[in-house]
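Here's the structure, in structure tokens; my notes come after.
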Amino acid sequence: MPSPFGHRCPARILRAALLAGSLLSLAAVGCGGGTTRPPKIIERSPPSETVGTAFGLTEDNADLLWSPATPAPPQAAPFLSARRELTALHPRYLRLLVNWAALQPTPGAPPALNTTVDGCAREVAPCGAYAGIEGELEAIASQQRAALKEGRTDFQVVVDILGAPSWAALSPHGCEDAGTTAVARPVRSDALAAYRSLVSDLLALARRVGVRLAWWSPWNEPNDPRFLSPQRNTCASDGAPLATGVYAQLASALAGQLRVEGDGGRLLLGELGGYDRGSPHRLSIAEFVKAIPEGVACLSQTWAVHAYAARNRRHSEPDPVVELEDALDARGGCATSARVWVTESGAGAPRPGRARTGAPEEGRADCLALAQQVGLWRADPRVRAVFQYTFRDDPAFPVGLTDAELRGLSPVYGMWRELFAQRPPGTLAPSAAQACVSAG
């Protein structure tokens with residue numbers, strides 16, 4: 001962000017000042033001429049976006065998304081208690097993952113947006129079958145209607161597309177990791193029309209059920225070979241990026257379709273994996289941002305990154321948010337001072353995604369690790385949203401707020417609820433660490 005002290009101050013120096021407890025320390029670390037003015041947010045916020053950090057959530061189980069104030073389908077009955085707990089978080093944003101490969105396995109049929117989903121957590125009960133994306137949007141609509149009655153704007157949808165159908169994917173080329181399947185390969189140029197049709201079908205369905213799809217991400221983690229491969233043209237860590245060109249095609253196609261549809265949906269750029277260093281098979285945040293064509297970088301003033309907390313994280317480890325902010329500012333032009341969303345965050349085990357022991361002290365330690373990062377993000381005027389991934393544990397990546405069986409809540413749940421609760425004017429919210437201790 002442009003420094004209020006007269007010249008650019010890198011994000012990592014701003015972060016150092018925040019860690020020191022005051023922005024006044026910016027002068028001491030060489031970013032100012034002695035003034036004590038706070039940083040100025042220079043970009044204009046869209047009408048539906050308030051200044052400050054909002055809470056978002058990734059959860060794609062319709063059984064959990066129905067408003068407890070609304071009659072839900074019978075199969076959602078075992079989830080009532082969990083629905084109340086999820087709703088009490090009042091997420092401003094709800095991130096909806098759209099797996100194109102699963103929805104349209106053959107080119108001859110349109111995307112199956114109402115295919116039955118069992119509602120289990122990778123075969124773990126409770127389960128409750130629902131009609132795929134259509135069922136999810138119907139449940140979200142119930143939340144939006146209930147929130148509107150309370151004067152709230154909860155559950156704004158953020159669509160995140162991933163997964164190329166085999167018929168739409170390029171053949172192997174470049175530096176491809178062993179075991180890569182078609183779902184991670186780039187979308188062929190002649191399949192971009194089908195990608196646009198997917199967007200059109202999603203918008204048509206949303207209009208039928210009464211939900212607006214406010215935000216759109218062209219592709220999930222495009223700097224990670226598990227979602228887009230190959231990343232480079234050769235198997236060298238300095239090989240020329242390929243993934244950025246593919247991403248640029250997708251982003252341009254998405255932006256074009258949203259203009260045609262005319263519903264005002266906005267792009268969320270990036271959705272980057274939080275890598276500070278590249279490798280033969282992945283791009284760092286800085287590499288990705290630098291290689292994006294200018295026309296694509298100008299499609300949005302909001303970028304997203306994924307950043308998880310680890311109990312054994314060293315203070316010297318880069319924060320993906322800082323890496324993204326520095327990369328955007330180094331690029332300049334349209335990217336300068338862009339807003340940042342952390343669209344995946346959470347904590348679990350010594351390293352996120354590993355198996356949990358279930359011990360109470362583990363939950364408290366996870367919460368405090370995440371609280372440290374969340375405190376910094378909320379103090380950063382460029383960070384406008386932080387999303388928890390997920391509400392219910394995914395057994396393959398357990399960082400959720402409740403276990404897969406829905407038996408109990410983690411301390412992190414209490415932290416989010418305390419931090420983003422509505423309070424009377426003049427009432428101070430607790431710090432992230434205070435909220436974590438209270439929740440534990």
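The values are calculated or read from the model by the stated rules, or taken from the named source; none is laboratory data. These figures come from a predicted structure and were not determined experimentally. Note that we place each Cβ from the backbone using ideal geometry, even for glycine, and neighbour counts take in every protein chain shown. Only protein heavy atoms, including side chains, enter the accessible area calculation; ligands, DNA and RNA are left aside. Shrake-Rupley method; radii C 1.70, N 1.55, O 1.52, S 1.80 Å.
Given H placed on each backbone N at 1.01 Å, which residues far from VAL340 in sequence or on other chains put an amide H within less than 5 Å of it?
Here the answer is TRP303, VAL383, ARG384, since their amide H atoms fall under 5 Å of that of VAL340.
I want to verify a result. In a Gaussian network model of the chain, Cα cutoff 10 Å, which of these has the top mean-square fluctuation: ARG185, ARG266, ARG152?
ARG152
In debye to the nearest 20, how big a dipole does the chain give about its Cα centre with +1 on each Lys and Arg Cβ and -1 on each Asp and Glu Cβ? Provide the component values of the computation, followed by the final result.
Working: 43 positive and 43 negative charges, 214 e Å.
Result for the chain is approximately 1020 debye, rounded to the nearest 20.
Give me the percent of DSSP beta bridges within the chain that run antiparallel, rounded to the nearest 5.
Values: 7 of 41 bridges.
Looking only at bridges with both residues in the chain, the antiparallel portion is about 15 percent.
Might you work out the accessible area of CYS298 for me, using a 1.4 Å probe with all protein chains in place, and round it to the nearest 10 Å²?
Around 60 Å² of this residue is reachable by solvent.
Quick one: pull the percent of accessible area on the stretch 69-208 belonging to carbon and sulfur, 1.4 Å probe, ligands and nucleic acids left out.
Details: 3320 of 6050 Å².
Its accessible area is 55 percent carbon and sulfur atoms.
Please sort by residue number the GluC sites (Glu not before Pro) in the stretch 58-159 whose DSSP state is loop and whose Cβ has at most 16 other Cβ atoms within 10 Å.
Values: sites: GLU59, GLU85, GLU123, GLU134, GLU136, GLU138, GLU150; in loops: GLU59, GLU123, GLU150.
Those satisfying the criteria are GLU123, GLU150.
Provide the per-residue ³J(HN,Hα) series for the stretch 407-419, in order, calculated from phi with Karplus coefficients 6.51, -1.76, 1.60 and θ = phi - 60°, each as a whole number of Hz, with x at glycine and proline positions.
8, x, 9, 8, x, 4, 4, x, 4, 4, 5, 5, 5
For the stretch 396-440, what is the accessible area per residue in Å², given a 1.4 Å probe and the full set of protein chains?
Details: 2310 Å² over 45 residues.
That works out to 51 Å² for each residue.
Please give me, ordered by residue number, the GluC sites (Glu not before Pro) of the stretch 314-415 that lie in loop per DSSP and have at most 15 other Cβ atoms within 10 Å.
Answer by residue number: GLU405.
For ARG378, what accessible surface area do you get with a 1.4 Å probe? Give it in Å², rounded to 10.
Answer for ARG378: close to 90 Å² accessible.
Using the Karplus curve 6.51 cos²θ - 1.76 cosθ + 1.60 with θ = phi - 60°, work out ³J(HN,Hα) for each residue of the stretch 84-98 in order, rounded to whole Hz, and write x for Gly and Pro.
Going residue by residue, I get 5, 5, 5, 4, 5, 6, 6, x, 5, 10, 10, 8, 10, 7, 10 Hz, with x marking Gly and Pro.
Once you order the gyration tensor axes a ≥ b ≥ c over the Cα atoms, which shape class does the chain get: rounded for a/c under 1.5, otherwise prolate or oblate by comparing a/b with b/c?
Numbers: a/c = 1.45, a/b = 1.08, b/c = 1.34.
Since a/c stays below 1.5, the shape of the chain is classed as rounded.
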